[in-house]
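The values are calculated or read from the model by the stated rules, or taken from the named source; none is laboratory data. Since the model is a prediction, treat every value here as computed from it, not as a measurement. Cβ: placed from backbone, ideal geometry, glycine included. Neighbour counts: every protein chain shown. Surface accessibility is based on the protein's heavy atoms, side chains included, excluding ligands, DNA and RNA. Shrake-Rupley method; radii C 1.70, N 1.55, O 1.52, S 1.80 Å.
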Amino acid sequence: MPSTLCKCGKEAFYFRRLSGEALCRRCFARSIERTVHRTVKREKLFTPDDRILIALSGGKDSVALAHILSKLEKPYRTKLFALTIDEGVSGYREEGISITRGVAETLGMEHHIVTFKEEYGHSLEEVYALSREHGTGLLGCTFCGIMRRRLLNDMAIRLGATKVATGHNLDDEAQTFLINILRGDIARLGRAGVQPVKVREGFVPRVKPLRYIPEKEIAAYVYMKGYPLYERECPYVRGSVRDEVRDILNGIEERHPGTKHAIVNGSDKLMEALKPSTEAATVGTCSRCGSPSSRGVCRMCEVLDMLGLGSNTFINHLAE
């Protein structure tokens with residue numbers, strides 16, 4: 001039976017199955033923050049001169065990221081600011097926007113909000129409706145991921161960010177590794193990790209300070225810090241490959257604690273082995289919109305074509 005006392009003698013708040021540790025609130029918070037600090041320091045993720053854009057969705061991961069980075073970077077006076085992307089999912093996104101505003105205000109952080117509707121002319125709901133009309137067979141998550149990633153990079157450039165920090169956690173990274181294995185996507189396996197293997201022109205480097213923190217621990221940390229937790233689930237998430245892989249991994253982890261850590265550690269080793277080919281890979285530009293792409297036509301423009309929108313909307317957006 002797990003101990004009810006932390007090693008410091010205080011009442012336990014969290015029991016870590018993998019290590020057998022019982023941790024009080026203070027020791028638990030310090031362990032999370034130390035892990036992030038070690039990751040930032042070991043990988044040299046930031047410099048005092050960086051302008052760090054935090055992708056703040058309102059979910060527990062991005063809230064934890066904003067809180068921890070504001071604490072860790074305060075002594076260095078590093079510029080931190082947040083960006084929230086409103087994809088346009090009624091009955092769901094409003095709660096997240098409300099949370100992000102509260103978090104940014106609490107942390108005294110500059111906060112920007114941008115919408116799919118403003119930037120692309122269509123909300124995610126409208127995009128998905130077009131997808132069904134054109135019979136693309138793609139899920140809402142597919143469109144959301146492609147459009148959100150592009151907009152995050154564009155806004156980072158527009159706002160003068162030198163780094164983009166995202167809240168990807170251990171669970172996310174383990175899921176991504178298995179998805180890439182299932183798809184046979186070796187190129188993506190080589191690009192995994194806390195930060196890009198190679199900085200490429202036109203891309204603002206994205207870093208993942210929470211890569212080694214399990215999702216459950218992030219949820220406990222955010223709850224302990226008194227931040228509200230997102231109560232609603234995005235209606236588009238169910239049915240995706242990631243959703244299935246998440247359920248499989250959670251089941252294995254429950255029976256075999258440490259599986260997710262082992263997968264991510266294995267991913268790191270594989271990434272190192274693939275590093276030479278990843279660094280040698282060239283990235284050109286999309287023939288339609290001129291954005292950086294490893295393909296002749298970028299995925300964003302392909303999606304717009306599928307929806308019967310062409311690339312003009314996006315090209316005009318880039319030219320502004």
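Some points to look at:
- Residue match in the range 128-136 (condition: crowded, with 19+ Cβ neighbours inside 10 Å and at pLDDT below 90): yes
- Breaking point among (1) outside any loop (DSSP other than H, G, I, E, B); (2) surrounded by 14 or more Cβ atoms within 10 Å (Cβ to Cβ), for Glu254: (2)
- Residue tally, condition open to solvent by 60 Å² or more (accessible area, probe 1.4 Å), of a type in the set (A, V, I, L, M) and in contact (Cβ under 8 Å) with a residue 40 or more places away in the chain, over the range 271-303: 0
- Restricting the range 165-182 to residues that are polar (S, T, N, Q) and assigned to a loop (DSSP other than H, G, I, E, B), the residue that is surrounded by the most Cβ atoms within 10 Å (Cβ to Cβ): Asn169
- Qualifying position, being touching a Lys or Arg at 6+ places or on another chain (Cβ under 8 Å) and buried (at least 19 other Cβ atoms within 10 Å of the Cβ), among Leu56, Leu69, Leu23: Leu23
- Val63 being assigned to a loop (DSSP other than H, G, I, E, B), of a type outside the set (Lys, Arg) and touching a residue at least 60 places away in the same chain (Cβ under 8 Å): no
- Of all residues in the range 259-266, none satisfies being assigned to a loop (DSSP other than H, G, I, E, B), without any contact (Cβ under 8 Å) to a residue 24 or more places away in the chain and open to solvent by 60 Å² or more (accessible area, probe 1.4 Å).
- Tally, over the range 234-251, of residues that are of a type in the set (A, V, I, L, M, F, W, C), part of a helix (DSSP H, G or I) and within 18 Å of the chain's Cα centre (by Cα): 2
- Within the range 72-85, tally of residues that are touching a strand residue (DSSP E or B) at 6+ places or on another chain (Cβ under 7 Å) and open to solvent by 30 Å² or more (accessible area, probe 1.4 Å): 1
- First in the range 147-175 and more than 18 Å from Ser291 (Cβ to Cβ) and modelled with pLDDT of 95 or more, second anywhere and in a loop (DSSP other than H, G, I, E, B) and open to solvent by 30 Å² or more (accessible area, probe 1.4 Å), Cβ under 6 Å, 6 or more apart: Thr166/Lys208; His168/Lys208; Leu170/Tyr212
- Residue check, Ile97 buried (at least 19 other Cβ atoms within 10 Å of the Cβ) and not acidic (Asp, Glu): no
- Considering residues of the range 183-233 that are under 24 Å from Leu18 (Cβ atoms), part of a loop (DSSP other than H, G, I, E, B) and of a type in the set (D, E, K, R) only, the residue most open to solvent (accessible area, probe 1.4 Å): Lys225
- Restricting the range 107-130 to residues that are out of contact with any Cys (no Cβ under 9 Å at 6 or more places or on another chain), in contact (Cβ under 8 Å) with a residue 24 or more places away in the chain and in a helix (DSSP H, G or I), the residue that is farthest from Ile54 (Cα to Cα) is Leu130.
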